[in-house]
Structures are given as structure tokens and as C-alpha cells.
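Beneath this line is the structure, given in C-alpha cells, with notes to follow.
The values are calculated or read from the model by the stated rules, or taken from the named source; none is laboratory data. Not measured: the values here are computed from a predicted model. Here the Cβ is made from the backbone with ideal geometry for all residues, glycine too, and neighbour counts use every protein chain on show.
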Amino acid sequence: MKKSSFAALVLGTISGMLFALGMCMALLPEWNAFTQGIIFGSLGIVLGIVTLLVWRKMEKKAPIKVSGKGVLGIAVGIAGALLLGVGMCFCMVWDKMVVGIIVGIAGIAALLSLIPIINGFKD
């Protein structure tokens, strides 16, 4: 295993655990730790970004270029994941099965549209 991969593995695991713990602290009222959860979750996100930057530096890769296609892909991915999650909430939490299925299918369609958005069409 390369050093860069090991560093990314360790830092990514720590950032993921911080983020997950922070979300649990913030979203479980029984824990009564909303503010601390937001702090832990934010630290997890920041450490995740630092992990990406450290890994790219160790691999001697060029900095990430921001393009319209990349921004569109990220926006569609976020929207699709949120739609899928809201559809599941409609089904499981709010007992609105038909609406939940329709919203969930819209989320799945948005996520499937990422393939042509990112890769494009080839002959």
C-alpha cells in the first residue's frame, strides 16, 4: 500500500467517524448535544476536505479545476440524493406511500442521469 493511500484511508476514516458522530449528536434528542454535534460534524467535513487535498498533494496531482459540467454533476447528485431520501421519509415516516414512491423514483432518475452528465454519450 502506498503512503498516500494509507494516509487517505486513516484521515478519511477519522473524518467519516467525526461526521457520523456529530450527526448522531445533533439529530438524536435523547443525547441532548445539538451544538456539540454541529461542531463535530463540521470538523468531520473539514477533515474530509483536508484529506482530499493531502491525498492529491501526495499523489502529485494537479489542483481540482472547477467546470460547469462538474458543478452541474454535483448539483444533480445532491438533488437526486435528497429526493430519494425525502421519498423514503414519505413512505416510512409520514405514511404517504404513493407520493413517496413517486418522489423516490424521481430521485433515482436524477441519480441515473448523472451517468450521461459526467461521461457524456459516445458512439
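Is it true that residue 26 is at pLDDT below 95, among the hydrophobic types (A, V, I, L, M, F, W, C) and assigned to a loop (DSSP other than H, G, I, E, B)? Don't jump to the end; show me each part of the working.
Details: at pLDDT below 95: yes; among the hydrophobic types (A, V, I, L, M, F, W, C): yes; assigned to a loop (DSSP other than H, G, I, E, B): no.
Judged against the criteria, residue 26 is not a match.
Would you mind stating whether residue 77 is surrounded by 12 or more Cβ atoms within 10 Å (Cβ to Cβ) and closer than 27 Å to residue 110 by Cβ?
yes
May I ask you to list pairs of residues, at least six apart or on different chains, whose Cβ atoms are under 6 Å apart, with the first in segment 44-73 being more than 29 Å from residue 23 (Cβ to Cβ) and the second being surrounded by 10 or more Cβ atoms within 10 Å (Cβ to Cβ)?
Correct list of pairs: 59/4.
Can you say whether residue 71 is among the aliphatic types (A, V, I, L, M) and either assigned to a helix (DSSP H, G or I) or surrounded by 13 or more Cβ atoms within 10 Å (Cβ to Cβ) (or both), as far as the supplied structure shows?
On the way: among the aliphatic types (A, V, I, L, M): yes; either assigned to a helix (DSSP H, G or I) or surrounded by 13 or more Cβ atoms within 10 Å (Cβ to Cβ) (or both): yes.
Yes, satisfied.
Matching residues to (1) closer than 29 Å to residue 110 by Cβ; (2) surrounded by fewer than 12 Cβ atoms within 10 Å (Cβ to Cβ):
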{"site": "18", "(1), (2)": "yes, no"}
{"site": "29", "(1), (2)": "no, yes"}
{"site": "35", "(1), (2)": "no, yes"}
{"site": "42", "(1), (2)": "yes, no"}
{"site": "52", "(1), (2)": "yes, no"}
{"site": "64", "(1), (2)": "yes, yes"}
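Could you please find all residues in segment 2-16 being surrounded by fewer than 12 Cβ atoms within 10 Å (Cβ to Cβ) and over 18 Å from residue 61 (Cα atoms)?
Listed by number, the residues that qualify are 10, 13.
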